[in-house]
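Student: Can you read through this structure? Questions will come right after.
Rule-based calculations on the coordinates, nothing more; no lab input. Because the structure is predicted, anything quoted here is derived from the model rather than measured. We place every Cβ from the backbone using ideal geometry, glycine too, and count neighbours over all the protein chains shown.
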Amino acid sequence: MAQIQPLAQNTDPLNVYIGNQDLKPSYNNSLSFNVSKFDLVTFSGFYAGFFGSNQLNAITTNTTTDLETGTTTYGYINANGNYNGYVYAGYFMKIKSLNDLNVRPSISYSQNRIVNFINSARNNSLNRSYNFNLNLNMDKEKKYYLSLDGSLSYNQNKTSVQSQNDNNYFSYNVNPNGNVYITKTLKLDVDYNFNYYGKSQAFSSAYTIGIFNASISKTFFENEGLVLRAGVNDLFNKNLNFQRMNSGNQIYQVLNSTIKRYFMFSVIWNFKTGMASASKK
């Protein structure tokens, strides 16, 4: 309704919203395909696929700014040209000579275009993302589980009207995590999640966030029906809410406070296995 007939706002005379009663409904068309194969003997396989969609009669913004008065008028109009696409492929295998190490590399590419209008000029906002991911993990029941996740991305944001708003940057994530059984009933869990966002044309400095979590748990009874756990989230008190995004011809970087370090003590009772274990006692 706001796109057809928005309510009048008198509190902000420099930003005016107008409707368009001639708007047409928009439609989406999509196509997807995927394939995979797994070998039970070698515990190896691969997968690949793609997804694509386009939007007809997309309802997009039409922004006009009067430089003399400083007033910006926001309207809506139908336009064609919006689309998004995504392709991916991955492989996984088990290396028995390295304690049954699981290796899972994958790659992906995504692209989308969003059309809007700025002072009656058509603006095409094109976004691309190139990604590489790798997971390594190994485990031995009731002994340990070790995992290392990593990803590397290159992001491109381009606009046709205001090329000075182009924004290209690297980002990566490293996440080692795992658990070790100190005894048969005492387990230590650790997790470290590190994120890096590189500098770009729009942002002159890089940003990093590293969060370390740890907990220790003790199980009781034969079927481990009772668990006592003590843990700490964000041990080094570094957690912040960070987002970098773009919308049309605008690029945002948001950084604000969120829940940081806290401790938690838990008592966990499994009614199914716990009752059976307790009755045997």
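Student: Could you list Asp66, Asp139, Asp12 so that the one with the fewest beta carbons within 10 Å of its beta carbon is first and the one with the most is last? Can you show the working numbers first?
Tutor: Working: Asp66 12, Asp139 15, Asp12 9.
The most exposed by this proxy come first: Asp12, Asp66, Asp139.
Student: Relative to the present Cα-Cα distance, how much length would full extension add between Asn99 and Leu23 at 0.36 nm per residue of separation? Walk me through the numbers before you get to the answer.
Tutor: Values: separation 76, 0.36 × 76 = 27.36 nm, distance 6.21 nm.
Here the segment from Asn99 to Leu23 would lengthen by 21.1 nm.
Student: Here's a follow-up. R0 = 41 Å: FRET efficiency of Ile4 with Ser147, Cβ-based, nearest 0.05? Please report the intermediate quantities before stating the final value.
Tutor: Values: r = 51 Å, r/R0 = 1.25.
Working from the Cβ atoms, E equals 0.20.
Student: Quick one: compute the contact order of the chain, relative version, from alpha carbon pairs under 8 angstrom and 6+ residues apart, as a percent. Kindly include the intermediate steps, with their values, before the conclusion.
Tutor: Working: 701 pairs, mean separation 27.4, N = 281.
So the answer I get is 10 percent.
Student: Let me ask another. Assuming 0.36 nm per residue, please report the length gained on full extension of the stretch Asp12 to Tyr172 beyond their Cα-Cα distance. It would help to have the intermediate numbers written out before the result.
Tutor: Values: separation 160, 0.36 × 160 = 57.60 nm, distance 4.07 nm.
Separation in residues times 0.36 nm, less the Cα-Cα distance, equals 53.5 nm.
Student: Using Cα-Cα distances under 8 Å and only pairs 6 or more residues apart, what relative contact order does region 120-280 have, in percent?
Tutor: Numbers: 377 pairs, mean separation 26.0, N = 161.
RCO, region 120-280: 16 percent.
Student: Which net charge results when you count Lys and Arg as +1 and Asp and Glu as -1 among the other residues whose beta-carbon is under 11 Å from that of Asn239?
Tutor: On the way: positive: Lys238, Lys260, Arg261; negative: Asp234.
Combined, the nearby Lys, Arg, Asp and Glu give +2.
Student: Please turn the phi angles of region 63-75 into ³J(HN,Hα) values with the Karplus equation 6.51 cos²θ - 1.76 cosθ + 1.60 (θ = phi - 60°), one per residue in order, whole Hz, x for glycine and proline.
Tutor: 10, 10, 10, 8, 5, 6, 9, x, 8, 10, 10, 10, x
Student: Please report the relative contact order for region 1-45, taking Cα pairs under 8 Å with a sequence separation of at least 6, and give it as a percent rounded to a whole number. Each step should come with its number before you reach the end.
Tutor: Working: 24 pairs, mean separation 12.9, N = 45.
With pairs under 8 Å counted, the relative contact order is 29 percent.
Student: Where does the longest stretch of the chain lie that holds no chymotrypsin sites (Phe, Trp or Tyr not before Pro) found in a DSSP loop with 14 or fewer other Cβ atoms within 10 Å? Don't skip to the answer; put the middle values down first.
Tutor: Values: sites that count: Phe43, Phe236.
Value returned for the longest uninterrupted segment is 44-235.
Student: Starting from the Cα-Cα distance between Thr71 and Tyr130, subtract it from 0.36 nm times their residue separation and give me the gain in nm to one decimal. All intermediate terms of the calculation are to be shown ahead of the outcome.
Tutor: Working: separation 59, 0.36 × 59 = 21.24 nm, distance 3.88 nm.
This chain segment gains 17.4 nm when fully extended.
Student: Same structure again: For the chain, what does the helix formula give at 222 nm: sum of -39500 (n - 2.57) over DSSP H segments with n ≥ 4, over the residue count, nearest 500 deg cm²/dmol?
Tutor: The helix-only estimate for the chain comes to -1000 deg cm²/dmol at 222 nm.
Student: Moving to a separate point now. So for region 120-280, Kirkwood radius off the Cα pairs, Stokes-Einstein at 4 °C and 1.567 mPa s: how many µm² s⁻¹? Please list the in-between numbers first.
Tutor: On the way: Rh = 19.3 Å.
My calculation gives 67 µm²/s for D.
Student: Can you tally the net charge around Ile211? Count Lys and Arg as +1, Asp and Glu as -1, for every other residue whose Cβ sits under 13 Å from the Cβ of Ile211.
Tutor: Working: positive: Lys238, Lys260, Arg261; negative: Asp191, Asp234.
Once all neighbours under 13 Å are counted, the net charge is +1.
Student: Moving on to the next point. If the reach is capped at under 27 angstrom between alpha carbons, list the lysines near Lys140, excluding any in the same chain fewer than eight residues apart.
Tutor: Lys37, Lys94, Lys96, Lys184, Lys187, Lys218, Lys272
Student: Could you give the distance between the Cα centres of region 228-243 and region 11-85, to the whole Å?
Tutor: Cα centroid to Cα centroid, the span is 35 Å.
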